[in-house]
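Notes to accompany the following structure.
The values are calculated or read from the model by the stated rules, or taken from the named source; none is laboratory data. In this text the structure is predicted, and so the values were computed from the model without any measurement. Cβ sites come from the backbone with ideal geometry, for glycine too, and all protein chains shown count toward neighbours.
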Amino acid sequence: MNDHQVHIDEHRDDEGAKTGMWIFIFTELLLFGGLFIAYSVYRYLNPLAFHLAAEELDTTLGTINTVILLVSSMTIAMSISAIQYKNKKLTLILMGITLLLALAFMVNKYFEWSGKISHGIYPGSMTLQEASRGELLFFGLYYAMTGLHALHIVIGMAFIGYVMHLVVKNEVQHDNFAILENSGLYWHLVDLIWIFLFPLFYLIT
Amino acid sequence: MEKDQHTHIVKYRTYVYVLIALLFMTFVSVAVTGIDLGPYTVTTALLLASIKSVLVLLIFMHLKFDKKFYGIMVASVFLLLACVIVITFMDYLYR
Amino acid sequence: MSEAVNQHTEVSYLEYKGRFKGLFAWIFSTDHKRIGLLYLYSMLVLFSVAALLGLAMKIELIAPGKTIMDAQTYNSFFTLHGITMIFLIVVPGLPAVFGNFFLPIMIGAKDVAFPKLNLLSWWIYIIGAFIALSAQFIGDGPPDTGWTFYAPYSFRTGTNMLPAVTGAFVLGFSSIATGINFIVTMHRMRAPGMSWMKMPLFPWALYGTSWIQVLATPIVGVTLLMIVLERTMQIGFFDPALGGDPILYQHLFWIYSHPAVYIMILPAMGVISEIIPTFARKTIFGYKAIVVSTLAIAFVGYFVWGHHMFTSGMSGTALYTFSILTFFVAIPSAIKIFNWVATLHKASIDIQTPFLWALCFLFVFMVGGLSGMVLGALSTNVHLHDTAFVVAHFHFIVFGGTGYAFFGAIHYWYPKMFGKMYDKSWANIGLAIFFTGFNILYLPMFYLGMTGMPRRYYDYVDEFHGPNIVSSLGALLMISGLIIIITNLVRSAKHGVPAEADPWKGKTLEWTVASPPSLENFEEIPTVTKHPYGYE
């Protein structure tokens, strides 16, 4: 605490920024937490229907997406080490790989969703109205939870893209990279949620 | 201010090891799905997911290298969510 | 510290000239004090509207049958009254106004940790308010579900639910932003020497509150989102026709909305913990007990949501669990009451308006709390559920608790905020009328509830006529008290006598700075060595 003379506008506190980011991550976790509660209750009430409905989902696609997210999580974590080693080029490459992998995830998701929709499985469709109520709930939750997760992927991509821009402009450097760390934390959160979504939706056969 | 937080640099190698472990557990959980373990299928899948998330939290998210207070906060938040789910099931299990 | 900085900080925050002029100097200011006042003014407007809606409902209830409005209007009135009062006033109220203004000063900081986020949270608040209130004017008529948006009615009703629900969802972000800001501020920006156990009790209360804001709000956020998806895209969540369970909605809603009650009451308790030692001229009794009970309320308060659903058809086990936990959460609240009363014991009390508000708070809060015990017990709850008794209990706790603490806080900190002193005798007269009206308004509703009058009906049978007349007259009296209080405050901002830096002889840090404070609060960050309430 030696910067009391500094004007408030110039106040900089990297540790505080990180604390704030973590607390924000908690709110995100609980946002999904609400959906996980709904999921667990409905799965408990409709075990068989969830079982049957889950067979509609493509485990291979799900696994590929899991691998993509795990690798992208590693690359963004590595980029923080890279900036600490003052290796700007490697930082940018690693962040770029993260963005590309995120894009691949979204493309995959697009094919998965459009596949479902072409089979008539979407909220309010005729097929689903004839299905059992458990299946209806399963697909409702499936679209809501993976959809909300995909939204977070997009936000994370924008965040990482913005930080990349800062790295290019040398505003993020080896002694000033709190925002890169925070974008990394956000990206790991997205990964963390997927780690639970994957077995809960794709692996209950 | 306290800049000492950032002195620790995680080696690239560590991240690669963690990724291998994560991928391994992913494939195990996919493989286990094929085997009928009855009620333990869900348990195994969730257990593996939990181990994976602990790894992500500790290494990727630097909890292992940060101040302890972050770890305590994260643990409390997960505990809170667990308690909420358990209490919700007080209703559904016995209805 | 250099001379230039000194001169720079001497201008009060009210007169400071920044990049913008006029109104823009306020709505684009990142100064925590100006943001606090922005919230205060916005809430004053909204509160007046919502209070008048409440008065209109009481006038409707002055006689059986249709008096001044029909059933549908009454339904939309209590919905709008609830949404405005809960989501726009009491939930953000004390933290957003007094927390923003005084938290940094009380812990010896120049601003909150993220000033821009702080301004953003006010903008989100205003946008959320506009969205929620737009439900009244666009679409197919104002919402009529009550502020709880219970499923399945909330997606079956033809009325304009979407804006109301979306507005509440948006407001959640404002609440979360404030919570994050406060937690980080308290962790990172306490003055040198101010250890956690030397922090005043109002910041402590805000600490507990902020954690609830951060950890509970997302759950209602996602629940409201589910209602939106259910209404717009027919995704089944809570509609039985789509396989859903309406009781799950109640679970999810109250997982947030019960802790939200503690978002309302914890800062109120913090305010009382500041006012009482100042006017008792004594150290607060049991500082640590108050801190621990604050955190205990925040924690246990998270697990008692089910007591709103005792008659919804939960399992027996759940009923017992929630009832026991509800009784547990009463213990820390009672500890606080005992501490405040013990502080007053053998004190040489300086009787001033803020202190009188605190005393009235103790009375109404105890009535509210004890009636809460009646509702927390399973057998009586079945009898009293959804009656006027609940309405009376709720208003005693929320209006009586948070409302009284809010007015207590504004009378306590007014000289610091505006640099002027209000007219004390008018303030006391206003309080006397308000307090009398308040009790005449809500006490009969306990009786009405016990004899079976349901809530949320615009009509009733003849047996209930007498107490309803009394109650409605009480409402008129209470509103006239409110008008006196608010007029006095508004008038004194211009015409009041200039206030000194420490008019009440308080000991916490905000009384060491000028009234009104300078832009950066402190010319030099103070070093704290003593306990916050060192009177002896």
*Just give me the residues in the stretch B:78-95 being over 19 Å from C:T217 (Cα atoms) and more than 7 Å from chain C (Cβ to nearest Cβ), in sequence order.*
B:V86, B:F89, B:Y92, B:L93
*Of the residues that sit in the stretch A:168-184 and are of a type outside the set (S, T, N, Q) and buried (at least 21 other Cβ atoms within 10 Å of the Cβ), which one is nearest to A:L101 (Cα to Cα)?*
A:G184
*asked:* Please go through (1) at pLDDT 90 or above; (2) within 14 Å of chain A (Cβ to nearest Cβ) for C:G270 and return the number of the only condition it doesn't satisfy.
replied: (2)
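Rundown of residues vs (1) more than 20 Å from C:M233 (Cα to Cα); (2) aliphatic (A, V, I, L, M); (3) free of Cβ contacts under 8 Å to residues at least 24 places away in the same chain; (4) crowded, with 18+ Cβ neighbours inside 10 Å, yes/no style:
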| position | (1), (2), (3), (4) |
| --- | --- |
| A:Y39 | no, no, no, yes |
| A:Y42 | no, no, no, yes |
| A:T60 | yes, no, yes, no |
| A:T75 | yes, no, no, yes |
| A:I97 | yes, yes, no, no |
| A:A104 | yes, yes, no, no |
| A:V107 | yes, yes, yes, no |
| A:P123 | no, no, yes, yes |
| A:L136 | no, yes, yes, yes |
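So that you can scan it fast, the table gives a plain yes or no per residue for (1) closer than 27 Å to A:N65 by Cβ; (2) more than 8 Å from every other protein chain (Cβ to nearest Cβ); (3) in a helix (DSSP H, G or I); (4) modelled with pLDDT under 90:
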site	(1), (2), (3), (4)
B:H6	no, no, yes, yes
B:V10	yes, no, no, yes
B:Y17	yes, yes, yes, no
B:T33	yes, no, yes, yes
B:L55	yes, yes, yes, no
B:M73	no, no, yes, no
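To keep it simple, each residue is scored yes or no on (1) among the hydrophobic types (A, V, I, L, M, F, W, C); (2) outside any loop (DSSP other than H, G, I, E, B); (3) surrounded by fewer than 24 Cβ atoms within 10 Å (Cβ to Cβ).
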{"site": "C:M269", "(1), (2), (3)": "yes, yes, no"}
{"site": "C:P277", "(1), (2), (3)": "no, yes, no"}
{"site": "C:K282", "(1), (2), (3)": "no, no, yes"}
{"site": "C:M314", "(1), (2), (3)": "yes, no, yes"}
{"site": "C:T326", "(1), (2), (3)": "no, yes, no"}
{"site": "C:A330", "(1), (2), (3)": "yes, yes, yes"}
*Filter the stretch C:426-443 down to the residues that are closer than 17 Å to C:T487 by Cβ and among the aliphatic types (A, V, I, L, M), then identify the one that is farthest from the chain's Cα centre (by Cα).*
C:I429
*Kindly provide the set of residues from the stretch A:145-167 that are in contact (Cβ under 8 Å) with a residue 24 or more places away in the chain, of a type in the set (G, A, S) and either surrounded by 21 or more Cβ atoms within 10 Å (Cβ to Cβ) or closer than 30 Å to A:Y42 by Cβ (or both), ordered by number.*
A:A150, A:G156
*Taking the stretch C:231-267 as the search range and keeping residues that are surrounded by fewer than 24 Cβ atoms within 10 Å (Cβ to Cβ) and facing chain A (nearest Cβ under 8 Å), which one is nearest to the chain's Cα centre (by Cα)?*
C:L248
*Considering only residues of the stretch C:295-312 that are in contact (Cβ under 8 Å) with a residue 60 or more places away in the chain and out of contact with any Ser or Thr (no Cβ under 9 Å at 6 or more places or on another chain), which is nearest to C:T148 (Cα to Cα)?*
C:M309
*If you go through the stretch A:64-84 one residue at a time, do you hit one that is within 14 Å of chain C (Cβ to nearest Cβ) and assigned to a helix (DSSP H, G or I)?*
no
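Residue by residue, here is whether (1) within 7 Å of chain A (Cβ to nearest Cβ); (2) among the polar types (S, T, N, Q); (3) farther than 20 Å from A:L69 by Cβ; (4) in a helix (DSSP H, G or I) holds:
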residue	(1), (2), (3), (4)
B:R13	no, no, yes, yes
B:V28	no, no, no, yes
B:H62	no, no, no, no
B:D66	no, no, yes, no
_Criterion (at the interface with chain A (Cβ under 8 Å from one of its Cβ atoms) and over 20 Å from C:I265 (Cα atoms)) met by exactly one of C:V222, C:V228_ = C:V222
*asked:* For the stretch C:482-498, give me the residue count where each residue is small (G, A, S) and surrounded by fewer than 20 Cβ atoms within 10 Å (Cβ to Cβ).
replied: 2
*Output the residues belonging to the stretch C:92-111 that are of a type in the set (A, V, I, L, M) and either within 10 Å of chain A (Cβ to nearest Cβ) or free of Cβ contacts under 8 Å to residues at least 40 places away in the same chain (or both).*
C:A109
_Exactly one of these conditions fails for C:Y458: (1) out of contact with any Leu (no Cβ under 8 Å at 6 or more places or on another chain); (2) surrounded by 21 or more Cβ atoms within 10 Å (Cβ to Cβ); (3) in a loop (DSSP other than H, G, I, E, B); (4) not polar (S, T, N, Q). Give me its number._
(1)
*Candidates C:G506, C:G474 - the one that is assigned to a loop (DSSP other than H, G, I, E, B), surrounded by 20 or more Cβ atoms within 10 Å (Cβ to Cβ) and not polar (S, T, N, Q)*: C:G506
*asked:* Being under 16 Å from C:G36 (Cβ atoms) and part of a helix (DSSP H, G or I) is the filter here; which residues of the stretch C:412-440 pass it?
replied: C:Y412, C:W413, C:Y414, C:P415, C:K416, C:M417, C:F418
*Name the one entry in C:W305, C:W357 that is surrounded by 21 or more Cβ atoms within 10 Å (Cβ to Cβ), among the aromatic types (F, W, Y), touching a His at 6+ places or on another chain (Cβ under 8 Å) and within 14 Å of another protein chain (Cβ to nearest Cβ).*
C:W305
*asked:* From the list C:F137, C:F173, C:F98, exactly one residue is aromatic (F, W, Y) and in a loop (DSSP other than H, G, I, E, B). Which is it?
replied: C:F137
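Tell me yes or no: at least one residue of the stretch C:289-309 is outside any helix (DSSP H, G or I) and closer than 22 Å to B:M90 by Cα.
Yes.
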*Kindly check whether there is at least one residue in the stretch C:45-60 that is of a type in the set (V, I, T) and closer than 21 Å to C:Y414 by Cα.*
yes
*Does C:G146 satisfy being at the interface with chain A (Cβ under 10 Å from one of its Cβ atoms) and in contact with a Phe, Trp or Tyr (Cβ under 7 Å, 6 or more places away or on another chain)?*
no
*Subset tally (residues that are β-branched (V, I, T) and more than 10 Å from chain A (Cβ to nearest Cβ)) for the stretch B:35-49*: 2
*Does C:T529 fit the bill of being touching a residue at least 12 places away in the same chain (Cβ under 8 Å), surrounded by fewer than 16 Cβ atoms within 10 Å (Cβ to Cβ) and out of contact with any strand residue (DSSP E or B) (no Cβ under 8 Å at 6 or more places or on another chain)?*
yes
*asked:* If the requirement is being of a type in the set (A, V, I, L, M, F, W, C), modelled with pLDDT under 90 and over 30 Å from C:T209 (Cα atoms), which of these qualifies: C:F28, C:F20?
replied: C:F20
*For the stretch C:133-145, what are the residues that are of a type outside the set (S, T, Y) and under 18 Å from C:M226 (Cβ atoms)?*
C:P143
